[in-house]
Amino acid sequence: QVQLVESGGGLVQAGGSLKLSCAASRIVFAAYVSGWYRQAPGKQRELVATIATYGSTNYADSAKGRFTISRDNDKNELYLQMTGVKSEDTGVYFCAAGTHDEVIHWGQGTQVTVSS
């Protein structure tokens, strides 16, 4: 079965950096629209960033200028480089693969906690 497994979450100081990774099995990331979602405590899941099959990227306003989504096609891995993190970035981060209209595959999530 398809598996998306996130790693790299943890505790980070406000203003610091963190890089999340997502490894996929039995799917090819480059064949899907891929992205990162996050869910803060008590809030709904929100889209943070996406990368299209051809490499075009989009970001939520809160992430623009601070986060970078990328993909390594040889390793079949998805990344989210987070810099200048804020307390508002705290939450569970999920990688996902699908189309522009629908997520087909979800990872299990990894916790990111920003301290101040």
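The values are calculated or read from the model by the stated rules, or taken from the named source; none is laboratory data. Since this is a predicted model, take the numbers as computed values, not measurements. As a convention, Cβ positions derive from the backbone with ideal geometry for all residues, glycine included, and neighbour counts pool all protein chains shown. In case anyone asks, the SASA skips ligands and DNA or RNA and just uses the protein heavy atoms, side chains included. Shrake-Rupley method; radii C 1.70, N 1.55, O 1.52, S 1.80 Å.
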> Could you count how many residues in segment 24-36 are open to solvent by 30 Å² or more (accessible area, probe 1.4 Å) and in contact (Cβ under 8 Å) with a residue 60 or more places away in the chain?
Replying inline: 1
> What number of residues within segment 1-23 satisfy the criterion of being in a strand (DSSP E or B), of a type in the set (A, V, I, L, M, F, W, C) and open to solvent by 20 Å² or more (accessible area, probe 1.4 Å)?
Replying inline: 4
>> Can you pull out every residue in segment 57-116 that is more than 16 Å from TYR32 (Cα to Cα), open to solvent by 60 Å² or more (accessible area, probe 1.4 Å) and outside any strand (DSSP E or B)?
In response: ASP61, LYS64, GLY65, LYS86, SER87, GLU88, GLN108, SER116
>> What's the total number of residues in segment 1-46 that are among the polar types (S, T, N, Q), farther than 15 Å from ALA96 by Cβ and under 13 Å from the mean Cα position of the chain (by Cα)?
In response: 1
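For segment 79-98, which positions are out of contact with any Asp or Glu (no Cβ under 8 Å at 6 or more places or on another chain) and not hydroxyl-bearing (Ser, Thr, Tyr)? Even if it seems obvious, please write down each step before you answer.
In the first step, residues of segment 79-98 are kept if they are out of contact with any Asp or Glu (no Cβ under 8 Å at 6 or more places or on another chain); the result is 80-81, 83-92, 96-98.
Matches in segment 79-98: LEU80, GLN81, GLY84, VAL85, LYS86, GLU88, ASP89, GLY91, VAL92, ALA96, ALA97, GLY98.
Taking THR53 as the residue in question, decide whether it is assigned to a strand (DSSP E or B) and either open to solvent by 50 Å² or more (accessible area, probe 1.4 Å) or not acidic (Asp, Glu) (or both).
no
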